[in-house]
Amino acid sequence: MKKLSLTLPFLLAVVPAAAQNQVRARITAIPRAEETQAASSRGRTVTNVPAASESAAANTSKPTWGDTTIQSKVSTPIVPASARIVPASAPNPTTVQEKTTTAARLVKPTSLNVNNTASPDLRSAHASGPTLMYRVGVGDVLDVRLTNMATRESTLFTVMKNGQLEYPLLATPISVAGLTPDEVARRLNTEIKVLQNPRASVTVRDYASHAVLVTGAIDSPGRKVLRREAMPLFALLAEASPRSDATVATINRNGKETTLSLTNNSDMSTLVISGDVVKISAPAKEFVYVGGDVASPGEKEFRAGMTLIQALIAAGGGRTSAKATIAKRSAEGLLTTREYDLQQINQGKAPDPMLEAGDRIEVKRAL
């Protein structure tokens, strides 16, 4: 009994110690595994930091992928956007945005220089679309509107004899002769001081300064107003209405004359400018003279290709049994005569002779 009582405390002391040793072994095993994992993690971190630094240093030539969130924490030197090189194989949104910003900086602002001074010789400016532009002149009535005002009622102003325009909002009249309507509007925007940022709109209501004089074989002769710096001849003649027998147009410009054919398309496209004098001509009328046994003797208008029978019909007709004598003037001024049998001509047994301007026809009765 005494031995049992001594043995029991000994066992109670040994068992907890063994259990404690096992627990301690297990607890110490866990930290060792964690330490090993932490050491390996620290090893990776230590070995990767220099690589991250090297890649950050070479970031300008080759972008890195993968652990970009870790490497972004490494401070890198700031490189100007203009000095960065964007490789074609790496579509990095940041570099694309920087490239777009850099490209935008290359765009230089431009300005439109407007020359408000009119050329002293308006015809020297006709090379740039004379049929599409109009330069204001003396007598033109301009419709001036201020589009940014509460009221948009138009007002009409006439260009004075000195080429100036008087406008109520101007301190003094301005010179507008030789300017296009758009140039006049820009001039007003500059000269009007009583309004802030005025926006003027100018159009021509009545054209008066550009005119051409048309005379000759036309139904509506007189002064024709041009609505452009120049107009083709065919557009001008559409208003003048030339006669059906008109064939030639003569343009007098500064004392020099140019003859054009109304049947030639190229001549009809010739530009007419202000100050020109256009004369439309028809060929001079020519006649033949019929006398003798006819109902209406006298001069008859000659047309190319007229024959003897046609002339006699114009004179009221001749007897079929009569004879006709045609007298022609030779180059020496002498008359040569020839007699024709009208009955033979009407029966188709003899040719119908062709006439010439100035021929004299005498019809005689047959005996």
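Read-outs: derived from the displayed coordinates by stated rules, not from any lab. Here the structure is a predicted model, which means the values were calculated and not measured. Note that each Cβ is placed from the backbone with ideal geometry, even for glycine, and that neighbours are counted across all protein chains shown.
When the Karplus curve 6.51 cos²θ - 1.76 cosθ + 1.60 is applied with θ = phi - 60°, which whole-Hz ³J(HN,Hα) does each residue of region 240-247 get, with x for Gly and Pro?
My calculation for region 240-247 gives 7, 6, x, 6, 5, 8, 6, 10 Hz in order.
Mind listing the long-range amide H neighbours of residue 359? Cut-off is under 5 Å, sequence gap 5 or more, other chains count too, H placed in the peptide plane at 1.01 Å from N.
289
Which log10 I(q)/I(0) values, to two decimals, does region 264-345 give at q = 0.17, 0.19, 0.22, 0.25 Å⁻¹ under the Debye formula with one point per Cα?
-0.77, -0.90, -1.14, -1.34
What are the residues whose amide H is under 5 Å from the amide H of residue 286, where those residues sit 5 or more places off or on another chain and H is modelled from the backbone?
302
With a cap of 16 neighbouring Cβ atoms within 10 Å, and only residues DSSP puts in a loop, list the GluC sites (Glu not before Pro) found in region 290-354.
332
Count charges around residue 277 for me, please; just the other residues with Cβ under 15 Å from its Cβ, Lys/Arg as +1, Asp/Glu as -1.
+3
Going highest first, how would you order 348-354, 239-245 by mean Cβ packing within 10 Å?
Highest-to-lowest ranking by the protection proxy: 239-245, 348-354.
Taking the Cβ of residue 330 as the center, what net charge do the other residues with Cβ under 15 Å away carry, scoring Lys and Arg +1 and Asp and Glu -1?
+1
What distance in nm lies between label points placed 7 Å from Cα along the C-beta direction at residue 175 and residue 234?
4.0 nm
For region 138-147, in order, what is each residue's ³J(HN,Hα) by Karplus, 6.51 cos²θ - 1.76 cosθ + 1.60 with θ = phi - 60°, in whole Hz (x at glycine and Pro)?
5, x, 5, 9, 9, 9, 9, 10, 9, 6
Taking 8 Å as the Cα distance limit and 6 or more residues as the minimum spacing, I'd like the relative contact order of region 286-364 as a percentage.
It comes to 42 percent, rounded to a whole number.
Just how many % of Cα pairs in region 211-281 lie over 16 Å apart, if you round to the nearest whole percent?
37 percent
Could you pull out every residue, at least 5 positions away or on a different chain, whose amide H is within less than 5 Å of the one on residue 180? Hs are placed 1.01 Å off N in the peptide plane, and Pro or chain starts have none.
Residues meeting the amide H criterion: 136.
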